[in-house]
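The values are calculated or read from the model by the stated rules, or taken from the named source; none is laboratory data. This is a predicted model, so every value here is computed, not measured. When we count neighbours, we look across all protein chains shown, and the Cβ atoms used for this are built from the backbone with ideal geometry, even at glycine.
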Amino acid sequence: MTSKISLFYSLTPTKIIPPAEREVERKERWVKEMQKTVEAEWKPKIIKNTYELFDPEIENQKRFFEGAVVEYYAIQDMDLFEGTPDSQTLDNYREELLDEMLGYNLQTTNKIIRKRKSTTDFKDVQAWNTFLKTLEETIFIPSGYEFPDSKNFWELARKHGHEEAKRIAIEQLQARLKKRYDK
C-alpha cells in the first residue's frame, strides 16, 4: 500500500481539465484503503493535499539521467559488453556522477552532513539541459565515453516505451563498444 498518490490537472489559459474519471476513482479507492489504517475516531489520520505546477519534461530529463546516462557511464567505465549492472552498482555510479557534478557530502565520525546540491533544485528544463551538457563535457568526453543521444532515446521511447528504449539504447552502445574493442 502506497502512502502517496498523485492526480494531474491540465491548465490552459481558459480552462482547467481535471484528471480522467478512472484517476479520480483510483484516488477514492486509495482514500478508502487509508481509512482502514485509522486506529480510532479520536485518532484520525490527515491527508495532505498540495498543488504545484508539474512539468513532465523535467521528469523526462530526470528519467533520462537516472536511466540512460548513468547506465551508459557505468557500462563504459566497467567495459561491460553484455548485460547491465545491478541496481546497487548503478546507484553507486549515480552517486559518483552527482558527487562530481554537484559537490560532496561531508562525512563526520558519526553522521553525514549534506553539502551536495540536489537534482530536485533543477526547477526548469534549462537547468537540466545545462547539467546534462556539463556532465557530458566534463566527465564523458574527457574519459572518451559516449554520451547517450537524447533525441534518439526519446524517439525509441515513443515507439517502444521507456524501459524498452533504455534496453535498445544499451544494446546499441554495447555493440559499438564491442566493435571499438575488436579493432
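Go through (1) modelled with pLDDT of 90 or more; (2) among the charged types (D, E, K, R); (3) assigned by TED's automatic domain parsing to the domain that holds LYS178; (4) surrounded by fewer than 12 Cβ atoms within 10 Å (Cβ to Cβ) and name the single condition GLU28 misses.
Every listed condition holds for GLU28 apart from (3).
Take the range 120-131 and flag every residue that is surrounded by fewer than 17 Cβ atoms within 10 Å (Cβ to Cβ) and in contact (Cβ under 8 Å) with a residue 12 or more places away in the chain. Full working, then the answer.
Residues of the range 120-131 that are surrounded by fewer than 17 Cβ atoms within 10 Å (Cβ to Cβ), as a first pass: 120-121, 123-127, 129-130.
Across the range 120-131, the qualifying residues are LYS123, ASP124, VAL125, ASN129.
Within the range 1-59, count every residue that is charged (D, E, K, R), farther than 30 Å from ALA127 by Cβ and in contact (Cβ under 8 Å) with a residue 12 or more places away in the chain. Before you say what the answer is, go through the steps one by one.
Keep residues of the range 1-59 that are charged (D, E, K, R), which gives 4, 15, 21-23, 25-29, 32-33, 36, 39, 41, 43, 45, 48, 52, 55, 57, 59.
The next check asks that each one be farther than 30 Å from ALA127 by Cβ; those that pass are 21-22, 25-29, 32-33, 36, 39, 41, 43, 45.
Adding the requirement that they be in contact (Cβ under 8 Å) with a residue 12 or more places away in the chain leaves 26-27, 33.
Residues flagged as charged (D, E, K, R), farther than 30 Å from ALA127 by Cβ and in contact (Cβ under 8 Å) with a residue 12 or more places away in the chain within the range 1-59 amount to 3.
Residues checked against (1) under 29 Å from ARG180 (Cβ atoms); (2) free of Cβ contacts under 8 Å to residues at least 24 places away in the same chain; (3) of a type in the set (Gly, Ala, Ser); (4) assigned to a helix (DSSP H, G or I):
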residue	(1), (2), (3), (4)
GLY83	yes, yes, yes, no
GLU95	yes, yes, no, yes
LYS133	yes, yes, no, yes
GLU136	yes, yes, no, yes
PRO142	yes, yes, no, yes
ALA157	yes, yes, yes, yes
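Being closer than 21 Å to THR120 by Cβ and either touching a Phe, Trp or Tyr at 6+ places or on another chain (Cβ under 7 Å) or surrounded by 15 or more Cβ atoms within 10 Å (Cβ to Cβ) (or both) is the filter here; which residues of the range 72-95 pass it? Can you show your working first?
Within the range 72-95, the subset closer than 21 Å to THR120 by Cβ is 73, 87, 90-95.
Of everything in the range 72-95, those that are closer than 21 Å to THR120 by Cβ and either touching a Phe, Trp or Tyr at 6+ places or on another chain (Cβ under 7 Å) or surrounded by 15 or more Cβ atoms within 10 Å (Cβ to Cβ) (or both) turn out to be TYR73, LEU90, TYR93, ARG94.
Do we find that THR109 is of a type outside the set (D, E, K, R) and either under 15 Å from LYS62 (Cβ atoms) or modelled with pLDDT of 90 or more (or both) in this structure? Can you show your working first?
Working: of a type outside the set (D, E, K, R): yes; either under 15 Å from LYS62 (Cβ atoms) or modelled with pLDDT of 90 or more (or both): no.
Answer is no for this residue.
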